[in-house]
Amino acid sequence: EKGGFEHFMLKEIYEQPKSIRDTMRGRLLVDEGVIRMAGVWDHQEKFLKAKRIIIVACGTSYHAGLVAEYLIEDLARIPVEVEYASEFRYRNPIIGKRDIVIAISQSGETADTLAALKLAKEKGAFIFGVNNVVGSSIARITDAGAYTHAGPEIGVASTKAFTAQLTILSLMAIKLGKHNGNLSAEKFNALTRELDAIPELVQHTLETTAEKVIEIAERYKDSPNALYLGRGYNYPSALEGALKLKEISYIHAEGYPAAEMKHGPIALIDENMPVVIIATKTGHYEKVVSNAQEIKARSGQIIAIVNQGDQEVRKIADYVIEIPNSSEEFSPILAAIPLQLLSYYIAVKLGKNVDQPRNLAKSVTVE
Ligand code: F6R
């Protein structure tokens, strides 16, 4: 059942080229210049007139929501708010009829996410689900939705569901941008062609980063702490990388927007602190490089995720992991791969129960 892999988590990490492809199948019709998503298109009035999109989710799905904030605001120019479902439901949120509330959930059973959606529905919002489990509670109460076709995710740490969520949310953002006039035909074509090729780039990333990641895991497995930094689209990547490390290796890790370092966390940096920094070429590269320099000046250990052929970061980093070049929009999908592998190999080297980490359950059906 593990298909020759030692753990479900590793199998699921390696399934991502396929799960992303499956999630796009029948939806992304590149040659026709069409993104087909019935859940969006059947309610086009709602989407095109939406004043605001509110995304509610927990854990890894929340991190996918944060990437969606960048995607939807950038490409479709619709204001987006992303909230932890548990906070949203208890803070008497202001929700109107022209708001769309999107719940992102692998299981479709997360109690807080379900309750947040019910509340939004009561207040008259249009509610939309991005779920992986067909027929789940969230899928059943939503007005519409789009399933991630990642297949069953058994490992408690979410991996392929996350990249499938990013895929659906990318499709939605590009589709909305096209129909509301914010994306030119050229940009639409360029993005859809690129997204269509992402599964091959994910495959390439798996093939080319694992060996380096294993070496890095060996070097840092005994560190008690780690920091993860990124900016823009890859700020959520930093949060997700830190969450993955915490949950399966039990190493304390924090994700931060790189520029927030100087407002406190930089005090933690010394020669024993590994700092994983996502420094891809698109986005805020120069700024991230200067954040990396600040860390190096304080003797921090830098593990950098960079694009192929990067020159600048290599000069200051202790380790570099190269991922393929891509637009900023899709870089979180590629950056996720070595971050997942890093947490996996550290946990394995520490002898932890990777597929069933202590204190965690696959679906959190109590609040
Ligand atoms: C992290 C993880 C959890 C879930 C969270 C939400 O690897 O698995 O943080 O992402 O419990 O679960 P879903 O997506 O099922 O609502």
> How many residues does the stretch 20-37 contain that are outside any strand (DSSP E or B) and crowded, with 24+ Cβ neighbours inside 10 Å?
Replying inline: 2
> For Ile174, are the conditions met, namely being in contact (Cβ under 8 Å) with a residue 60 or more places away in the chain, in a helix (DSSP H, G or I) and within 15 Å of the ligand (Cβ to nearest atom)?
Replying inline: no
> Does Ser136 count as within 14 Å of the ligand (Cβ to nearest atom), under 21 Å from Ser363 (Cα atoms), open to solvent by less than 10 Å² (accessible area, probe 1.4 Å) and of a type outside the set (Val, Ile, Thr)?
Replying inline: yes
> Taking the stretch 240-258, which residues are part of a helix (DSSP H, G or I) and either over 23 Å from Ile316 (Cβ atoms) or open to solvent by 30 Å² or more (accessible area, probe 1.4 Å) (or both)?
Replying inline: Glu240, Leu243, Lys244, Lys246, Glu247, Ile248, Ser249
> Which number in (1) more than 23 Å from Arg140 (Cβ to Cβ); (2) away from the ligand (no atom under 16 Å from the Cβ); (3) assigned to a helix (DSSP H, G or I) marks the one condition that Val40 misses?
Replying inline: (1)
>> For the condition within 23 Å of Arg21 (Cα to Cα), open to solvent by 50 Å² or more (accessible area, probe 1.4 Å), hydrophobic (A, V, I, L, M, F, W, C) and under 24 Å from the mean Cα position of the chain (by Cα), what is the one hit in Ala210, Ala190?
In response: Ala190
> So which residues in the stretch 210-239 are farther than 20 Å from Tyr14 by Cβ, more than 16 Å from the ligand (Cβ to nearest atom) and assigned to a helix (DSSP H, G or I), if there are any at all?
Replying inline: Glu218, Arg219, Tyr220, Gly232, Tyr233, Asn234, Tyr235
>> Here's a check for you: in the stretch 64-101, which residue that is outside any loop (DSSP other than H, G, I, E, B) and out of contact with any strand residue (DSSP E or B) (no Cβ under 8 Å at 6 or more places or on another chain) is most open to solvent (accessible area, probe 1.4 Å)?
In response: Glu87
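The values are calculated or read from the model by the stated rules, or taken from the named source; none is laboratory data. Bear in mind the structure is a predicted one, so any value in this text is a computation, not a measurement. Positions of Cβ are generated from backbone atoms using ideal geometry, with glycine treated the same way; all protein chains shown enter the neighbour counts. These area figures cover heavy atoms from the full protein model, side chains too; ligands, DNA and RNA do not enter into them. Shrake-Rupley method; radii C 1.70, N 1.55, O 1.52, S 1.80 Å.
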